[in-house]
Amino acid sequence: MWLVLGVIAGVGLEAKYPIAFLLVAFAIGLALSPERRMLTAAGPWLGFVVVIALMLPNLIWQARHGWPSVDFFSSQNAKTASDTSRPAYIADQLLFLGATSIVAVMGVVWMWRRSLRALALVPAIVTLIVFLERGRAYYPLPADALAVAAGAIALERWLAPGRRLLAARVLIALQVSVLALAAPIVVPFYSTRHMISSGVWKIGFFKDEIGLAGHDRTGPAGLARASLRGPHGRSHPRPQLRGGLRPPVLRT
């Protein structure tokens, strides 16, 4: 099992480095829980060797090219720290989970009571690590998914069939309410002019894509100068058509 987990972790790290948060949290969970006795066996360490072996070519490339990913992470952390306060991080985390926050808490309790304490600690540790690193609120969601899955099992075992249906209806109603409240800052369905005049764009998850920082935010001229932004807030000039023509700016 540990060798399989090592392969999964190594391949996952090749795709997304933040998976390291999960691995570190799991290691800390093992060390802080009664399951630490597993660390005396060879399995976990063999899995760790597999992870390092799979990541070795990547690490060699990073070292030869000046560790570009480290520079990227540091710049992203600085940007995130500037536009996401600590209270906003907590609020966004609850917003992303919505009604499943309740299910996640149930899942943590269920795993703790079933002597799965190393796993029960993972969501909290990952959330704390990202909080201290000033990362985005959605970074801990893979760890939260573990708690939500466990919570679903707990609900199925704790509640009678009739009460399960009632609980599902309550959670769905709560989730719909959260989505209705969060919609204006998650989906840019308002006109650009309204988002700017009302200030919604400043707290929206799409503020990087609007890219109005440093521009006149009022009037058509300000909207025309707004740069398009791609992932991670990188600016891109408005595309040009053949002959040097630019696509028209939509007036809203």
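What to note about this one:
- Residue in the stretch 91-110 that is within 20 Å of Phe26 (Cα to Cα) and free of Cβ contacts under 8 Å to residues at least 40 places away in the same chain present: no
The rows are residues; the columns are (1) within 22 Å of Val130 (Cα to Cα); (2) of a type in the set (A, V, I, L, M, F, W, C).
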position: Glu14; (1), (2): yes, no
position: Pro18; (1), (2): yes, no
position: Leu22; (1), (2): yes, yes
position: Ala27; (1), (2): yes, yes
position: Pro34; (1), (2): no, no
position: Thr40; (1), (2): no, no
position: Phe48; (1), (2): no, yes
position: Ile52; (1), (2): no, yes
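- Residue check, Phe72 exposed (fewer than 14 other Cβ atoms within 10 Å of the Cβ) and at pLDDT below 90: yes
- Enumeration of residues in the stretch 2-45 that are in contact with a helix residue (DSSP H, G or I) (Cβ under 8 Å, 6 or more places away or on another chain) and among the small types (Gly, Ala, Ser): Gly6, Ala9, Gly10, Gly12, Ala20, Ala25, Gly29, Ala31, Ser33, Gly43
- Those residues of the stretch 132-155 which are within 8 Å of the chain's Cα centre (by Cα) and over 19 Å from Phe26 (Cα atoms), in sequence order: Arg136, Ala137
- Only residues that are over 30 Å from Arg114 (Cβ atoms), in a helix (DSSP H, G or I) and not charged (D, E, K, R) were counted across the stretch 33-66, and they come to 12.
- Of the numbered criteria (1) more than 23 Å from Asp144 (Cβ to Cβ); (2) in contact with a Leu (Cβ under 6 Å, 6 or more places away or on another chain); (3) small (Gly, Ala, Ser), the one Ala42 fails is (2).
- Residue that is surrounded by the fewest Cβ atoms within 10 Å (Cβ to Cβ), among those in the stretch 125-144 that are out of contact with any Ser or Thr (no Cβ under 9 Å at 6 or more places or on another chain) and either free of Cβ contacts under 8 Å to residues at least 12 places away in the same chain or farther than 15 Å from Ile19 by Cα (or both): Leu132
The values are calculated or read from the model by the stated rules, or taken from the named source; none is laboratory data. What you see is a predicted model; the values in this text were computed from it and never measured. Cβ atoms come from the backbone with ideal geometry, glycine included; neighbour counts cover every protein chain shown.
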